[in-house]
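One structure is given here, and the rest of the page talks about it.
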Amino acid sequence: MSDQTSSTIIRRRLATVTDLRGASLDAYTTAPTRLAQKPSPRLEHLLRIRSTPDELRMAELIDRFRPPSLRIFDQIPMRSHDHVRQAKLIAPYLADQSVAFMGDSDCTSLLLGLLSKCGRPLPSRMLILDFDARLLRVAVDVAKAYGFSHVLEARLYNAFDALPGDLVSQFDWFYTNPPYGSHNLGESARLFITRGCELVRPGGQGCIILPHDRQRPWTQAAMWETQSFLTQHAWAVNDKVRGLHRYRLDDDRYLTSSLMLVENVEGVPCQSMPYSDRRVAYDEIPLFYGRGVMPPYPRYICHDGSVDEDWIMPEVYIDA
Ligand SMILES: C[S@@+](CC[C@H](N)C(=O)[O-])C[C@H]1O[C@@H](n2cnc3c(N)ncnc32)[C@H](O)[C@@H]1O
């Protein structure tokens, strides 16, 4: 699909949603915070996964080490309690598996590494791919300091770039808490998901964290698009728990995200995903980071927090 075509399709879909609701796009995509004063009862309340003080201390340790979050680029940390619960839920699935983290400023990879010190299962390999060099340095340092650097690697990578060939189809699992794409029907998330799907072997699995909330219509429309996209490309949603995580998000305190486990169904004929195996131009995905950030987007966040907008140089790698 040409750059022009995919961008046109997204714009057309956005227009359709606007028509259906009889409201302006702004009114539709900007979640009014007054809608959700309190979350309704959810399956997560029945999961009753408690965090011990030691586990919470680990999550708080990560909070202290993590570089300052850049809200404009969707770095919005998950709350500590929810993060511990998420890591404990996913750890048994990822035990002894190779896992690629497509973006990880939550630092779930690090929390899994720390929790393994209390006997929780650990993946056999964890690779963090992220455009933020500050985050990767912290990840590598923490893994060294806490004795799990033998399973953790980090590479500077921007999701708009094609994946380095040596990583394609190399992993059992991908894991992503992507930019949600609240202003483009979840298209931002689907770029990250595409990269995740490319990273895993045929029959591989993925953990995707995305909002799906009746009180925020944009999340329902985006989730519908994303589930349709997964189905079209031979990925099945095996499990889903809604409303599991909350964030340190001042302008929408009760926004929650869901945990979704997906699996590639082998042998089903389907077309390749529109963004796979190529550089994606940023105007193909309008409003990637919302309305506050216009292209050119940074290719990398540098160690000192400055942005690198040079898209001509080949990719740089940092290895743990
Ligand atoms: C977008 S945030 C999602 C929110 C999540 N709670 C968090 O803070 O990690 C996920 C990760 O994607 C990274 N990221 C954002 N844009 C990226 C891009 N174009 N390429 C690669 N990583 C990116 C961020 O640095 C962050 O680590």
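The values are calculated or read from the model by the stated rules, or taken from the named source; none is laboratory data. What you see is a predicted model, and the numbers here were worked out from it, not measured in a lab. Note that each Cβ is placed from the backbone with ideal geometry, even for glycine, and that neighbours are counted across all protein chains shown.
Scan the stretch 267-303 for residues that are at pLDDT 95 or above and of a type in the set (Asp, Glu) and the total you get is 2.
Taking the criterion of being of a type in the set (Val, Ile, Thr), in a helix (DSSP H, G or I) and within 12 Å of the ligand (Cβ to nearest atom), would at least one residue in the stretch 121-129 satisfy it?
no
Listed conditions (1) modelled with pLDDT of 95 or more; (2) crowded, with 20+ Cβ neighbours inside 10 Å; (3) not hydrophobic (A, V, I, L, M, F, W, C) are all met by Asn264, apart from (2). Screening Cys207 with (1) within 21 Å of Pro92 (Cβ to Cβ); (2) surrounded by fewer than 21 Cβ atoms within 10 Å (Cβ to Cβ) gives one miss only, at (2).
Consider the stretch 84-120 and keep the residues that are closer than 24 Å to Leu163 by Cβ and in contact with a His (Cβ under 8 Å, 6 or more places away or on another chain). The one that is farthest from the ligand (Cβ to nearest atom) is Thr108.
Look through Ser276, Ser272 and report the one residue that is hydroxyl-bearing (Ser, Thr, Tyr) and free of Cβ contacts under 8 Å to residues at least 60 places away in the same chain.
Ser272
Across the stretch 269-293, the qualifying residues are those that are under 18 Å from the mean Cα position of the chain (by Cα) and farther than 26 Å from Ile72 by Cβ, and the one among them that is surrounded by the fewest Cβ atoms within 10 Å (Cβ to Cβ) is Ser276. Tyr300 satisfies every condition listed in (1) farther than 17 Å from Leu129 by Cβ; (2) touching a helix residue (DSSP H, G or I) at 6+ places or on another chain (Cβ under 9 Å) except (1). In the stretch 89-98, the count of residues that are touching a Lys or Arg at 6+ places or on another chain (Cβ under 7 Å), hydroxyl-bearing (Ser, Thr, Tyr) and not in a helix (DSSP H, G or I) is one or more.
Count of the stretch 210-259 residues, restricted to those that are over 17 Å from the mean Cα position of the chain (by Cα), within 16 Å of the ligand (Cβ to nearest atom) and either surrounded by fewer than 17 Cβ atoms within 10 Å (Cβ to Cβ) or assigned to a strand (DSSP E or B) (or both), is 3.
Taking the criterion of being within 11 Å of the ligand (Cβ to nearest atom) and part of a loop (DSSP other than H, G, I, E, B), the residues of the stretch 130-162 that qualify are Phe131, Tyr157, Asn158, Ala159, Phe160, Asp161.
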